[in-house]
Amino acid sequence: MKVKIHSLFEYLLETTQAAPEAVVGLSLAEPPRLGEFLADLDPDMLLDWNNRDFSGLPELKTHVIRQAGLDGICTPADVLITAGAAEANYLAIMQLLQPEDEIVIETPGWPQAEVLAKAIGATIVKVTREEADGWRLPLDRLQTAITARTKMIFLTNPNNPTGDMLDAAELAQIVRMADAVGAWLLVDEVYAGLEWDGPRAPSIAGMYARGITTGSVSKALGLQGLRTGWIICPDAGLIHDAVILRENSSEIMNIMGEVIAEIALRPERYAPALETARKQGEAHLAQVDDWIGAQDGLHWVPPRAGLIGLAHLPQGFDSEAFARFLLADPYRTFLLPGSAYDQPQHIRLGVGGGASVQLDVGLARLGHALRDYRAHLPGGVGAR
């Protein structure tokens, strides 16, 4: 089995060494400093896993259940701590999907499930979100896509990259669809907690016996560098098999990441950190929304959740060519092209990262690049 690189990851690998001076594409909250956690760290802590739970620190798993709104619904036994949500998705998909199984995915959406399904030899069925519909997931087309052959449904909620969000009633409807054919329902919830239009949706692990929630401390708390995430699932067999698969693949048990994540998720820390991330995110999204409104030929559907959204480029623009144009001198600004999400007429704008990404500078340079790139197009103009 060979895992082929997706265009999103290929672009990230190619641009890592470009050293941009500004970023308008980050999807996570401003990262805290290590020093903020030192007072709560035990200097005598052993950096190994002897006599510890292979599924993760018990106190961390308790916090995970609580922050997901699953107290009294799921238990710490339903949780496996992983090396980020990416490993959580990997462990679920790789153990459940077999060659020729069908997996239903959304597009645009997080591409990991498609990459893994192709490597396995599974059949991929896509359900398209349309910009004209506000990037809403079309439940009628999802129902049509789900058949007796469907083994798994993979969604992101809130959606990456559009910022759309499924509510409780919509999730309940999708659960009924999955249950009718006995399919697993895997929902990546890494942007949960950053909702702007309505309350946080319930975690799928609390709604369905074959519901799998994945999440992490990366987005809302800005702790991407810890590489600490989780699977929540009421199916004990899935959690057990995920542990076995991890022990025979990555064997990652990140004690430092888990210890710091446990501190970060303590109620007295988590609530104010999330509130800070929400205030910054809301302010920066309003700033970007105002900026887009002032640009000739650029428009977007404002995200209902999360720190990213897709902006529609003027006519004649190619997203990947424009992203590379923006990354070069004199602009030196990074963003992700929409082509990474099968949306070649869009760019992914992000408002995360805090002051260090210089959002103001990035937006100013992006505005200049839009005008300069348009001048290079045939005819010299890009129509609305």
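Throughout, read-outs are computed from the coordinates displayed, never taken from laboratory work. All figures in this text were calculated on a predicted structure; none of them were measured in a lab. In this analysis, Cβ positions are derived from the backbone assuming ideal geometry, glycine residues included, and neighbour counts consider all displayed protein chains.
Return the FRET efficiency for the residue pair Asp372, Lys279: r is the Cβ-Cβ distance, R0 is 45 Å, and the value is rounded to the nearest 0.05.
Working: r = 34 Å, r/R0 = 0.76.
It comes out at approximately 0.85.
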Task: Calculated log₁₀ intensity ratio I(q)/I(0) where the Debye formula runs over C-alpha points of the range 93-209, q = 0.20 Å⁻¹ - done: -1.13
Open item on the list: Viscosity 0.890 mPa s, temperature 25 °C: what is the translational diffusion coefficient of the range 271-317 from Stokes-Einstein with a Kirkwood Rh over Cα pairs, rounded to a whole number of µm²/s?
Closed with: 207
Open item on the list: Counting only pairs 8 or more residues apart or on different chains, how many lysine pairs in the range 34-265 have their Cα atoms under 21 Å apart?
Closed with: 4
Open item on the list: Between the range 144-168 and the range 71-128, how far is it from one alpha carbon centroid to the other, in angstrom?
Closed with: 11
Task: Cα Rg, Dmax, the range 225-322, angstrom units - done: 20.4, 54
TODO: Could you please rank Cys233, Cys74, placing first whichever residue has the fewest other Cβ atoms within 10 Å of its Cβ?
DONE: Cys74, Cys233
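Work out how much length Arg149 to Ile255 would gain on full extension: take 0.36 nm times their residue separation and subtract the Cα-Cα distance, in nm to one decimal. Mind showing how you got there, number by number?
Details: separation 106, 0.36 × 106 = 38.16 nm, distance 3.99 nm.
Extra length from Arg149 to Ile255 when fully extended: 34.2 nm.
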- [ ] For Glu59 paired with Asp296, estimate the spin-label separation in nm (one decimal), with each label point 7 Å from Cα along the Cα-to-Cβ line.
- [x] 6.0
TODO: Please give the calculated 222 nm ellipticity per residue for the chain, where each DSSP H segment of at least 4 residues contributes -39500 (n - 2.57) and the sum is spread over every residue; nearest 500 deg cm²/dmol?
DONE: -11500 deg cm²/dmol
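Note down the magnitude of the dipole of the chain about its Cα centre, charges +1 on Lys and Arg C-beta and -1 on Asp and Glu C-beta and zero elsewhere, to the nearest 20 debye. Walk me through the intermediate numbers first.
Working: 31 positive and 49 negative charges, 132 e Å.
The dipole of the chain has a size of about 640 debye.
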- [ ] Write down the radius of gyration of the range 34-265 and its Dmax, each obtained from C-alpha positions, in Å.
- [x] 17.5, 57
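Please compute the length gained on full extension between Ala132 and Gln98, using 0.36 nm multiplied by the number of residues separating them and subtracting their Cα-Cα distance.
Length gained, Ala132 through Gln98: 8.7 nm.
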Open item on the list: Less than 11 Å Cβ to Cβ from Cys233, Lys/Arg counted +1 and Asp/Glu -1: what total charge do the surrounding residues give?
Closed with: -2
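If each residue of separation counts as 0.36 nm, what is the full-extension length gain between Glu247 and Arg266 once their alpha-carbon separation is subtracted?
Result for the pair: 4.0 nm of gain on full extension.
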Open item on the list: Just to verify a number: FRET efficiency for Arg141 and Ala168, C-beta to C-beta distance, R0 = 22 Å, to 0.05?
Closed with: 0.60
- [ ] Sort out for me the Cα centre separation of the range 178-226 from the range 258-312, rounded to whole Å.
- [x] 17
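Given a Förster radius of 35 Å and the C-beta distance between Asp44 and Asp235 as r, what FRET efficiency does 1/(1 + (r/R0)^6) yield to the nearest 0.05? Don't skip to the end; give the middle numbers.
Values: r = 38 Å, r/R0 = 1.07.
It comes out at approximately 0.40.
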